[in-house]
Amino acid sequence: MLQGLIVSIDAMGGDDAPAIVVDGIEHFLKTIGKGRKARFILHGDEAQITPLLKKCPETSSRIEIRHTELAIGMDDKPSQALRRGKGSSMWNAIQSVKDGEANIVVSAGNTGALMAMSMMILKRKQGVQRPAIAASWPGPDGMCVVLDVGANIDCNAAQLTEFAVLGEAYYRALYHVEQPRVALLNVGTEDLKGNDVVKAAHERLNESQLGLNYIGYVEGGDISMGGAEVIVTDGFTGNIALKTAEGTAKLIGTYFKEAMQGSLWSKFTTYLNAMALRRLKKKIDPRNANGGVFLGLNGIVIKSHGGTDKVGFSNALNIAIGLAESDFLEKIDDTLTALHDEDDNIGFIQ
């Protein structure tokens, strides 16, 4: 039995699983996770996983395989996954956290199925209406967190307020900032802008005595320019913003590649600026922000992008282990308790 900090992984989740999972663990242990003491339980087809581990014996000493041939497809509907998913690699990975034999679960599999199974197995924290997915987002002075980015298409003011509490606790735990700025994403920064739901959440957060560093509204351009550390929106808007940013980063990368392969003069100036260009490429690389966190559950679940490579999966592991080493769940419990006490006092039901 593995000892210490244990990461439970759905080894069959993702476009290139299980190879990408093993490659991602190896990359993590050799780069950003060098010196970390984490160990891993891989849930999946032993016949496929074992040959991959033989190629990296140092990594395999940190890994235990839990065999199952059942896997959830990337196109399976959440209802289908729940009906036939018990005993699958995804289900078993979550169950390991529920049973206390692992600290955290990571999957690059079907997002809807992962959320549905996580809610069924781990349950929502007391008083949480709907869990949210939080994504890290690069900015000029570090990372910010945006939530929700896909779990909840329609939200009411109470849910947006909960997201603010969850996101603030998450940011404090992961990035060790005591008073991160919290903002609502809106179509303008004036008080009159926005729909009724956003306005009601804004009023609620303005009147709150929770100690949040709430600064009001921000616009879409403020996400990447450091307008706040925690930016709250509904899952429909957040997912579109996230996918737009990822596409823009890829487009910029394509432009750079084309420029480098141009004239002899372009190649010469590229060579002269190679180090600066490498730093820029790293900053805009979506893989370095890979790893969405399901907030509001009785356990920590990390969703890696299904089409990521070993670098992206490694970053998802880094977020997972950072949270497992923190007092993240305790911070959320404390702030949620204060929120619900406040709601009871003012009769907030929107």
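Tallying residues that are without any contact (Cβ under 8 Å) to a residue 40 or more places away in the chain, touching a Gly at 6+ places or on another chain (Cβ under 8 Å) and not aliphatic (A, V, I, L, M) within segment 77-98 yields 3.
Out of the residues in segment 29-49 meeting the condition of being at pLDDT below 95 and in a helix (DSSP H, G or I), tell me which one is farthest from ILE6 (Cα to Cα). Restricting to residues being at pLDDT below 95 and in a helix (DSSP H, G or I), the top hit is LYS30. Across segment 55-73, the qualifying residues are those that are assigned to a helix (DSSP H, G or I) and touching a residue at least 24 places away in the same chain (Cβ under 8 Å), and the one among them that is nearest to VAL21 (Cα to Cα) is THR59.
Yes/no matrix, rows are residues, columns are (1) of a type in the set (A, V, I, L, M); (2) in a loop (DSSP other than H, G, I, E, B); (3) modelled with pLDDT under 70:
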{"site": "GLY253", "(1), (2), (3)": "no, no, no"}
{"site": "ARG278", "(1), (2), (3)": "no, no, yes"}
{"site": "ARG287", "(1), (2), (3)": "no, no, no"}
{"site": "PHE294", "(1), (2), (3)": "no, no, no"}
{"site": "GLY306", "(1), (2), (3)": "no, yes, no"}
{"site": "ALA320", "(1), (2), (3)": "yes, no, no"}
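For SER107, state whether it is in contact with a Leu (Cβ under 8 Å, 6 or more places away or on another chain), over 30 Å from LYS331 (Cα atoms) and among the small types (Gly, Ala, Ser). It is false that SER107 is in contact with a Leu (Cβ under 8 Å, 6 or more places away or on another chain), over 30 Å from LYS331 (Cα atoms) and among the small types (Gly, Ala, Ser).
Summed over segment 327-350, the residues that are in contact with a helix residue (DSSP H, G or I) (Cβ under 6 Å, 6 or more places away or on another chain) and either modelled with pLDDT under 70 or charged (D, E, K, R) (or both) give a count of 2. Of all the residues in segment 288-304, those that are within 12 Å of LEU114 (Cα to Cα) and either aromatic (Phe, Trp, Tyr) or surrounded by fewer than 22 Cβ atoms within 10 Å (Cβ to Cβ) (or both) number 1.
Only residues in segment 111-132 that are in the same structural domain as ALA11 (by TED's automatic domain parsing) and within 18 Å of ALA81 (Cβ to Cβ) count as the first member; pair them with residues that are crowded, with 23+ Cβ neighbours inside 10 Å and among the hydroxyl-bearing types (Ser, Thr, Tyr), Cβ under 7 angstrom, at least 6 apart or cross-chain, and list the lot. Close Cβ pairs (under 7 Å, with a partner that is crowded, with 23+ Cβ neighbours inside 10 Å and among the hydroxyl-bearing types (Ser, Thr, Tyr)) amount to LEU114/SER107. The one condition from (1) β-branched (Val, Ile, Thr); (2) farther than 28 Å from GLY299 by Cα; (3) in contact with a strand residue (DSSP E or B) (Cβ under 8 Å, 6 or more places away or on another chain) that VAL197 does not meet is (3). I'd like the full set of residues that are part of a loop (DSSP other than H, G, I, E, B) and of a type in the set (Val, Ile, Thr), limited to segment 102-144. Answer for segment 102-144, where residues must be part of a loop (DSSP other than H, G, I, E, B) and of a type in the set (Val, Ile, Thr): just VAL128. Would you pick out the residues in segment 1-30 that are charged (D, E, K, R) and surrounded by fewer than 24 Cβ atoms within 10 Å (Cβ to Cβ)? Selection gives ASP15, ASP16, ASP23, GLU26, LYS30.
Only one of the numbered conditions (1) surrounded by fewer than 24 Cβ atoms within 10 Å (Cβ to Cβ); (2) under 22 Å from ARG204 (Cα atoms) is not met by GLY150, and that is (2).
The values are calculated or read from the model by the stated rules, or taken from the named source; none is laboratory data. What you are looking at is a predicted structure, and each value in this text was computed from that prediction instead of being measured. Neighbour counts are summed over all protein chains in view; Cβ atoms, including those assigned to glycine, are modelled from backbone coordinates with ideal geometry.
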